[in-house]
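Peer 1: Let me give you the structure first, and then I'll get to my questions.
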């Protein structure tokens with residue numbers, strides 16, 4: 001059996017596939033940034049509450065701002081958009097789960113556990129197989145650390 005070098009009969013399709021996937025990931029990154037901004041607004045609402053310690057919320061807000069800035073930085077790279085958007089996606093997934101885990105440990109109330117699933121829902125917007133595996137592993141790791 002003869003070995004095939006390309007997945008497709010015409011090599012131009014490979015470039016078109018990468019271009020199309022880059023456009024989709026860029027759109028999904030914009031949606032994730034909007035959802036992160038809304039999540040930050042919820043955390044800012046908690047800042048206005050008197051019975052919640054403000055010291056626990058500032059690092060999470062800072063991390064959300066860093067993730068949004070990293071996403072915007074990687075979206076602005078045009079030369080290698082395909083790889084840079086994938087790196088931004090993985091950094092975003094890991095960052096969101098770190099934020100939600102830190103919120104669980106900071107607040108130590110049962111109601112904050114929903115932030116884990118909100119983080120998982122935000123990362124599921126990407127609908128990428130490797131991204132979802134990474135997100136599921138991070139959620140499993142978060143649940144394991146909380147149980148331990």
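Peer 1: Which of the residues spanning the range 107-148 are within 22 Å of residue 23 (Cβ to Cβ), without any contact (Cβ under 8 Å) to a residue 40 or more places away in the chain and loosely packed, with under 12 Cβ neighbours inside 10 Å?
Peer 2: 129
Peer 1: What are the residue pairs meeting all of these: first residue in the range 5-26, first residue more than 22 Å from residue 74 (Cβ to Cβ), second residue in a helix (DSSP H, G or I) and modelled with pLDDT under 85, Cβ atoms under 7 Å, and 6 or more apart or on different chains?
Peer 2: 6/14; 7/14; 8/14
Peer 1: Given (1) outside any loop (DSSP other than H, G, I, E, B); (2) in contact with a helix residue (DSSP H, G or I) (Cβ under 7 Å, 6 or more places away or on another chain), identify the lone condition not met by residue 41.
Peer 2: (2)
The values are calculated or read from the model by the stated rules, or taken from the named source; none is laboratory data. In this text the structure is predicted, and so the values were computed from the model without any measurement. All Cβ positions, glycine included, derive from the backbone under ideal geometry; neighbour counts span all protein chains shown.
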